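The values are calculated or read from the model by the stated rules, or taken from the named source; none is laboratory data. Just so we're clear, the structure is a prediction, and the values are computed from it rather than from any experiment. Glycine also receives a Cβ, built like all others from the backbone with ideal geometry; neighbour counts cover every protein chain displayed. We work out accessible area using only protein heavy atoms, side chains counted, and drop any ligands, DNA or RNA first. Shrake-Rupley method; radii C 1.70, N 1.55, O 1.52, S 1.80 Å.
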Amino acid sequence: MLAEQLFLLSVDPKTSRPYGRAGSALSYSLNGALLAELALNGHIELRNSKIEVVDSSTEDTLLKETLDIIKAKPLKTPKQWISTLRTSHKNIQYKIAAKLDDDGVITMEKKQILGAVPAYFYKFNPDHFVKEAHKSFHIVIQKNKKQKSLVEEERTVVLMSLIYASSLLRIVFPDSKEAREAEKQIKQLNKDLPISNAVKATIDSINVSIFATSAYFSNS
């Protein structure tokens, strides 16, 4: 699932916490990843610029919860839904981490110091996930350079956009030259994403939401 892949790539192995560089952008991207997942799987469609549920059958508990939220408050734009889901899901990081912990992918540890709000730490080796992301991203970049079809890499293209929006591109591409080339290709892909209108609108909305939040805090 996109949200799980994004989360796994967002955790700093040195601290077992999400990278500081992701900041508040991560919650927007994780909730946006859930919307993108629903669109990719044919559960939602974009009609008259609003998200509509067209198929609510799923066995994934987090996706089902997200669909239930959407059905309870219909006819919102992707941008509105990203904000609504941030509130409805509350701590989306915890929900995704708990799911991964149940699946045995990570080990989640809870620590509470001097009565403060509990802090959660995520223990796992991210090397495999980073290498797989690097490999799949590299394939997309090379195919895009050669103007080849990216229909089969639709999910990877979306993940690349989510990673870029979350300021995590240098985690996948630690080499500065590679990172610059990847950023260039992602910006080009974002202008003409080879994906459905609902997914594209979701990605655009994530970028707008993150930009607006960054602008707010920089001016406050």
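The table below lists the values:
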read-out	value
Count of residues meeting criterion [β-branched (Val, Ile, Thr) and either part of a helix (DSSP H, G or I) or in contact with a Leu (Cβ under 6 Å, 6 or more places away or on another chain) (or both)] in segment 34-52	1
Condition met for residue 61 (modelled with pLDDT of 90 or more, more than 17 Å from the chain's Cα centre (by Cα) and of a type outside the set (A, V, I, L, M, F, W, C))	yes
Per-region count, segment 39-95, residues in contact (Cβ under 8 Å) with a residue 40 or more places away in the chain, among the small types (Gly, Ala, Ser) and open to solvent by 60 Å² or more (accessible area, probe 1.4 Å)	1
Of all residues in segment 171-185 being more than 15 Å from the chain's Cα centre (by Cα) and touching a residue at least 24 places away in the same chain (Cβ under 8 Å), the one that is most open to solvent (accessible area, probe 1.4 Å)	181
Filter result (modelled with pLDDT of 70 or more and of a type in the set (Ser, Thr, Tyr)) within segment 173-220	176, 202, 205
Residues satisfying the stated conditions in segment 131-182, i.e. more than 24 Å from residue 1 (Cβ to Cβ) and either of a type in the set (Phe, Trp, Tyr) or in contact with a Leu (Cβ under 6 Å, 6 or more places away or on another chain) (or both)	179
Every residue from segment 133-154 that is of a type in the set (Lys, Arg) and either at pLDDT 90 or above or open to solvent by less than 20 Å² (accessible area, probe 1.4 Å) (or both)	135, 143
